[in-house]
Amino acid sequence: MRGSTQTVIEVENVRRSFGEVVALDGVDLRAAQGRVLGLLGPNGAGKTTLVRILTTLLRPDSGSARVLGHDVVADAGPLRSRIGLAGPYAAVDEMLTGFENLELVGRLYHLSRDEARRRAGETLERFDLSEAGNRPAKTYSGGMRRRLDLAASLVGKPQVLFLDEPTTGLDIRSRLALWEMIEELVRDGTTLLLTTQYLEEADQLADHIVVIDRGSVIASGTSEALKTQLGADVLDVHIDDVGQMDDAIAAVVKNRDEAHVDPQMGHISVPVRDGSAALVNVVRRLDDAGIAIKDIALRRPTLDDVFLALTGESAEDVATDVVANVGRRRSRARS
Amino acid sequence: MTAETATPPAVAPGFTWVVRDALAVTKRNVLRNIRNPQFVVFSTIQPIMFVLLFAFVFGGAIAIPGVEYLDFLIPGIIVQTTVFGATNTAIGLAEDLGRGMIDRFRSLPMARSAVLAGRTLADTARNLFVVTLMIGVGYLLGFRFRGGIVAALTGILVVLLFGYAFSWIFAFVGLKAGDVETAQAAGFVWVFPLVFASSAFVPTQTMPGWLQAFAQNQPVTAVVDAARALTLGPLAPAVGLDNTAELVLKALGWVALVLVVAIPVGVRQYRKTI
């Protein structure tokens, strides 16, 4: 259970390139037993490459990675029987039923036929798929498929589970349901490495977050620590008259560098610690300065805000930049 | 799931695991095959249609002295179907790659050979089904094994072995192509001349000299000739197939050659493909 501090994932200076594109540029990280490590970053940051290295699907060019003490290259065989992988690239067979999918995976974990069947039934029940268990997976909804995928990764009772973007593309309800199931797994003591583009997801599920960008770790800590660094909330202000931008900025923040400004749209966004008090203050100061507010709102910080705070660049800029290269390379390398 | 400390499942992929893993993947692929609606078309309707078309459309025009055209045709057309059917291996693997199944398999503690072995074995099972079906249809139209049951079974076995070997070539094609469309295209380009510039449907003697040189020295002709000599039995010399044993050995030689080249190349491509 929690509290044990045995290191189960150790990554040291791992590098990996695809041709000229550097996907991982010297990554270091560690995760302890029974913990959830959230790997947060935009598309193309190198999250999937790292997961593929840790699950023995890809070799690092240099550096070393160990999971449960097994080197991911030298001890790949023994390691595979102790890990599970779920995500967009670890699929389920849509022509097989849910039960058959899990039975197949159980057999390939080298369980006996009876044991594979027993666990398939058990795992289906656990993920609320018992009723659909005898239907081909192609009849499943997106959320059900992800649940089956997650179930497949658990049939072998792995000690470390890798979830690569487990909820990307899901609707809110399915996402919440999946979160609940993941939280339950963690309560049972499974160590989890989870990649996500959503700060909210990392915040909800992970007790330690590593922010990765362009193949490097740019920040690391508990979600509390990251948010303190960032400010708890973000205040978005839109003003009516873009001619008043400079006055408005002065009214909203003391130091212009703290704010993200879009002059054409009349938009100012700023991290704040004491949410509602800050809102009231800003409204009053703008009013005093005679600036008409079109819209003002407090919101939770997004990944984009984290990136702004950490790098001064928006996640989207970074993503389009890197994805253009890495995405093409990766799909080539994969095919 | 309880927090019980699960004993790690057996790891060492001894030979037993190599076989069991291959069979587990074979079973999965067979289930996929028979549930695929395309399978019904390409593995039942199309082969039957081919037998009927060749028998009735070309059958009247092509006269082979000394034998019934149907007796000449059936061994050729089952080899043709088996070779074309090997495309399924390429498509199946390309599909698995594209949909992430290969990644799933690679992350499991299964034998590394099982994905390719399970694919080629499942496609051989499909070939057995299709060949049986075509022979059955042929029988209804008047085809007969003229050389007895042992020769007949040997002939079918040679064809299936050749199909299995061909599947390995297509395993490489599928992994290299990476997507279904490319896999399909990459297969047909060279399979068509191989099948049609052979003794499968007509005697090679009617072809122009340069084409004869190719047709008489390529594997499809070797396998068709062996299967035909075995199914025609005593009638074989009438179509110039005099030494059955030699023809069978030649066909098996091609099977061995294809396997020796295609298996390492396919396995290497599998290891490389990520």
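Any read-out appearing in this document is the output of simple, stated calculations on the displayed coordinates, not a laboratory observation. Keep in mind the model is a prediction, meaning the values are calculated, not measured. Cβ atoms come from the backbone with ideal geometry, glycine included; neighbour counts cover every protein chain shown.
Overview of results
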| quantity | calculated |
| --- | --- |
| Residues that are in contact with an Asp or Glu (Cβ under 8 Å, 6 or more places away or on another chain) and not hydrophobic (A, V, I, L, M, F, W, C), drawn from segment B:55-98 | B:Gly85, B:Asn88, B:Thr89, B:Gly92, B:Gly98 |
| Segment B:100-131, residues that are more than 7 Å from chain A (Cβ to nearest Cβ), among the basic types (Lys, Arg) and closer than 17 Å to A:Pro78 by Cα | B:Arg112 |
| Of all residues in segment B:15-45 being touching a residue at least 12 places away in the same chain (Cβ under 8 Å) and of a type in the set (S, T, N, Q), the one that is farthest from A:Tyr109 (Cα to Cα) | B:Thr44 |
| Scan of segment A:210-223 for residues that are out of contact with any Asp or Glu (no Cβ under 8 Å at 6 or more places or on another chain) and of a type in the set (A, V, I, L, M, F, W, C), ordered by number | A:Val210, A:Val211, A:Ile212, A:Ile218, A:Ala219 |
| Selection within segment B:89-99 - buried (at least 21 other Cβ atoms within 10 Å of the Cβ) and either basic (Lys, Arg) or away from chain A (no Cβ under 14 Å) (or both) | B:Thr89 |
| A:Thr123 vs. criteria at the interface with chain B (Cβ under 9 Å from one of its Cβ atoms) and more than 20 Å from B:Val25 (Cα to Cα) | yes |
| Long-range neighbours under 9 Å by Cβ, at least six apart or interchain, first residue in contact (Cβ under 8 Å) with a residue 24 or more places away in the chain within segment B:123-141, second among the aromatic types (Phe, Trp, Tyr) and not in a helix (DSSP H, G or I) | B:Ile135/B:Phe143; B:Ile135/B:Phe145; B:Val137/B:Phe143 |
| Among (1) more than 16 Å from the chain's Cα centre (by Cα); (2) over 25 Å from B:Ala94 (Cβ atoms); (3) assigned to a helix (DSSP H, G or I); (4) hydroxyl-bearing (Ser, Thr, Tyr) - the single one B:Thr221 does not satisfy | (1) |
| Positions within segment B:132-185 being among the small types (Gly, Ala, Ser), in a helix (DSSP H, G or I) and over 22 Å from B:Val57 (Cα atoms), in sequence order | B:Ala151, B:Ala152, B:Gly155, B:Gly163, B:Ala165, B:Ser167, B:Ala171, B:Gly174, B:Ala177, B:Ala183, B:Ala185 |
| Residue in segment A:153-196 that is farthest from A:Gly69 (Cα to Cα), counting only those that are polar (S, T, N, Q), surrounded by 21 or more Cβ atoms within 10 Å (Cβ to Cβ) and more than 14 Å from chain B (Cβ to nearest Cβ) | A:Thr167 |
| Top-ranked residue of segment A:31-71 - restricted to ones that are part of a loop (DSSP other than H, G, I, E, B) and within 11 Å of chain B (Cβ to nearest Cβ), ranked as surrounded by the fewest Cβ atoms within 10 Å (Cβ to Cβ) | A:Arg59 |
| Residue selected from segment A:72-85 under the condition outside any loop (DSSP other than H, G, I, E, B) and among the small types (Gly, Ala, Ser), by the criterion surrounded by the fewest Cβ atoms within 10 Å (Cβ to Cβ) | A:Gly77 |
| Residue in segment B:119-141 that is within 18 Å of B:Val220 (Cβ to Cβ), among the polar types (S, T, N, Q) and touching a helix residue (DSSP H, G or I) at 6+ places or on another chain (Cβ under 8 Å) present | yes |
| Residue under evaluation B:Gly59, criteria (1) among the small types (Gly, Ala, Ser); (2) within 14 Å of another protein chain (Cβ to nearest Cβ); (3) out of contact with any strand residue (DSSP E or B) (no Cβ under 9 Å at 6 or more places or on another chain), criterion not met | (2) |
